[in-house]
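Below you'll find the structure, written out as structure tokens, and then a few comments.
The values are calculated or read from the model by the stated rules, or taken from the named source; none is laboratory data. All figures in this text were calculated on a predicted structure; none of them were measured in a lab. Heads up, the Cβs are rebuilt from the backbone with ideal geometry, glycines too, and the neighbour counts pull from every protein chain shown. The area values use the complete protein model at the heavy-atom level, side chains included, leaving out ligands, DNA and RNA. Shrake-Rupley method; radii C 1.70, N 1.55, O 1.52, S 1.80 Å.
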Amino acid sequence: QVQLVESGGGLVQPGGSLGLSCAAFGSSMDMNVMGWYRQALGKERELVASITSSFSAIYADSVKGRFTLSRDNAKNTVYLQMNSLKPEDTGVYYCNVHGWSGPDYWGKGTLVTVSS
């Protein structure tokens with residue numbers, strides 16, 4: 001079992017920045033991949049970015065160049081720095097962690113609202 005503790009999020013104006021963090025507690029074997037998904041109202045949950053324990057990251061096309069994902073393996077924590085935020089970035093952001101072949105673990109979600 002892995003427990004996830006998310007922090008960050010909130011309200012920001014378009015063009016602004018926000019940071020999210022997610023600390024994982026449990027077996028490191030279940031944390032090979034850490035990342036963030038988001039779900040906008042009325043839409044399906046989508047991958048924002050994920051990163052492996054060897055620091056190989058992938059990003060959704062919609063956030064490339066604006067968002068940066070990083071992780072601290074010693075702290076089992078993943079960080080998402082979001083810059084140049086747009087209204088379409090609004091949604092509930094969920095931390096996701098999983099091993100190479102294990103189950104997915106999800107955080108409770110944190111709301112990000114980009115609005116003037």
For the range 1-104 the mean separation of alpha carbon contacts under 8 Å (6+ apart) over residue count, i.e. relative contact order in percent, is 35
Considering the Cα trace of the range 1-68, what is its radius of gyration and what is Dmax, both in angstroms? 13.4, 38
Would you mind getting the accessible area per residue of the chain, heavy atoms of the protein chains only, 1.4 Å probe, in Å²? 53
Which net charge results when you count Lys and Arg as +1 and Asp and Glu as -1 among the other residues whose beta-carbon is under 14 Å from that of GLY65? +1
Mind listing the long-range amide H neighbours of LEU85? Cut-off is under 5 Å, sequence gap 5 or more, other chains count too, H placed in the peptide plane at 1.01 Å from N. GLY15, GLY16
Once phi is turned into θ = phi - 60°, what whole-Hz ³J(HN,Hα) does the Karplus curve with 6.51, -1.76 and 1.60 give for every residue of the range 86-91, x standing for Gly and Pro? 10, x, 6, 7, 4, x
Give the distance, in whole Å, between the Cα centre of the range 72-89 and the Cα centre of the range 13-38. 6
Hull-based mean projected area of the chain, where the convex hull spans the alpha carbons, in square nanometres: 6.6
Determine the share of the chain's accessible area contributed by carbon and sulfur atoms, expressed in whole percent, with a 1.4 angstrom probe. 51
Going residue by residue through the range 70-77, the Karplus relation 6.51 cos²θ - 1.76 cosθ + 1.60 with θ = phi - 60° gives ³J(HN,Hα) values, rounded to whole Hz and with x marking Gly or Pro, of 9, 9, 10, 5, 5, 9, 6, 10
How large is ³J(HN,Hα) for each residue in the range 51-56, as worked out from phi by the Karplus curve 6.51 cos²θ - 1.76 cosθ + 1.60 (θ = phi - 60°), to whole Hz, x for Gly and Pro? 9, 8, 5, 9, 6, 8
